[in-house]
Amino acid sequence: MNEIQEIEASAPSTLGEGVEECWMDFDGARMRYLRAGSGPPLILLHGLLAYSFSWRYTMPALAPYATVYAPDLLGAGFSDRPRGIDHSTRATARRVLRFVENLGLASFDLLGTSRGGAVAMAVAAEGLSAGDSRPRLRRLVLVCPVNPYSAHGSWLAPFFATRFGAALFRVVTKYLPFLFPYWHGRLYADRSKIPPGSFEGYKAPLAIPGLFEHALSIVRTWTVDLRELEALLPKLASIPTLLMWGSQDPAVYASSMERLARHFANVQTVVFPGVGHLPYEECPEEFNRALIKFLTYQDPTPQESTV
């Protein structure tokens with residue numbers, strides 16, 4: 001048993017009923033993913049410093065409607081953290097497509113949240129560029145996705161990519177297990193709605209070495225990634241898309257949703273009033289209801305709703 005397996009074994013179990021833990025080899029590195037349900041395949045992509053734990057309320061709800069796969073992307077969660085790996089948005093998107101191909105899927109739906117939302121858009125663009133040679137993306141769901149139109153992240157991540165910022169980030173990550181409840185709590189609009197066990201679940205993988213290198217690798221390419229993302233957005237117009245946002249999101253501002261939505265010809269938007277950056281945890285029932293509606297019925301008319 002290696003160090004990651006030992007830490008995972010000692011962490012509180014976060015697997016819900018009917019959720020299976022699986023592993024996939026990526027050039028000698030082990031990627032962990034969760035699987036549940038049956039039906040059309042749906043891939044769930046987590047955000048920065050998160051992992052498949054984010055979907056503990058989503059996977060059981062979607063299991064009757066879809067075969068749900070939730071990977072811990074390499075460098076995150078309980079997956080391996082190989083040194084020197086490229087964590088740019090494009091490189092991560094290509095690994096997601098390899099993950100889909102390795103699963104043997106001909107087509108799939110894709111959901112990404114926060115930084116995972118940016119990766120999901122890159123996956124869609126990569127898949128379209130490959131033509132018929134790769135699995136077909138049917139529908140795209142973006143939950144509070146990192147995008148070029150939210151000013152909040154345009155300076156913060158590049159700052160941590162500087163020499164001074166990187167040094168500061170190293171200090172912060174050293175004490176992250178102690179600071180984590182504060183920073184994680186800020187992602188909720190209403191801290192009274194933080195689900196029990198959230199801090200413990202998210203903190204568990206922080207003990208695995210490599211956290212600093214993984215996160216710093218992501219922020220180093222943040223500005224370039226956003227520039228590339230904006231350039232590829234016009235390619236995604238034909239993909240049926242659902243945008244989901246908390247109205248009080250402190251990380252990726254909900255005001256950026258309108259500009260992002262303009263790039264999609266067939267788009268629906270759902271806003272959760274008084275909710276922060278993690279609607280799948282802060283209002284899981286409303287979130288799951290809106291998601292299931294989109295996945296089981298596609299209305300060709302663009303619309304916006306408030307849950």
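What follows is calculated from the coordinates using simple rules that are stated; it is not laboratory data. Source: prediction; values computed, not measured. Positions of Cβ are backbone-derived with ideal geometry, glycine not excepted, and every protein chain shown enters the neighbour counts.
Convex hull volume of the Cα atoms in the range 246-285, per residue, in Å³?
In the range 246-285, the Cα hull volume divided by residue count equals 69 Å³.
For LYS293, go through the aspartates and glutamates and keep the ones whose alpha-carbon is under 20 Å away, minus same-chain ones fewer than eight residues off.
Filter leaves ASP109, GLU281, GLU282, GLU285, GLU304.
Assuming 0.36 nm per residue, please report the length gained on full extension of the stretch GLU258 to LYS193 beyond their Cα-Cα distance.
Extra length available between GLU258 and LYS193 comes to 20.7 nm.
Take each of the peptides 259-271, 35-47, 113-125, average the number of other beta-carbon atoms within 10 Å over its residues, and list them starting from the highest.
Final packing ranking: 113-125, 35-47, 259-271.
Calculate the dipole size of the range 19-63 relative to its Cα centre from +1 charges on Lys and Arg beta carbons and -1 charges on Asp and Glu beta carbons; express the result in debye to the nearest 20.
140 debye
D for the range 180-243, whole µm²/s, Stokes-Einstein with Kirkwood Rh over alpha-carbon pairs at 10 °C and 1.306 mPa s: what number?
Answer from the Stokes-Einstein relation: 104 µm²/s.
Residues in the range 132-150, backbone N under 20 Å from the label point at ALA106 (7 Å along the Cα-to-beta-carbon vector): list them, ranges by number please.
132-140
Provide the net charge surrounding MET59, with neighbours chosen by a C-beta distance below 11 Å and charges set as Lys +1, Arg +1, Asp -1, Glu -1.
Combined, the nearby Lys, Arg, Asp and Glu give 0.
Can you compute the modelled spin-label distance between TRP23 and ARG289, with each label point 7 Å from Cα toward Cβ, in nm?
4.1 nm
Rounded to the nearest 0.05, what FRET efficiency do LEU15 and ALA231 give with R0 = 35 Å and r taken as the Cβ-Cβ distance? Could you check?
After rounding to 0.05, the efficiency reads 0.35.
Mind ordering 67-76, 196-205, 22-31 by average Cβ neighbours within 10 Å, highest first?
Going by the mean number of other Cβ atoms within 10 Å, highest first, we get 67-76, 196-205, 22-31.
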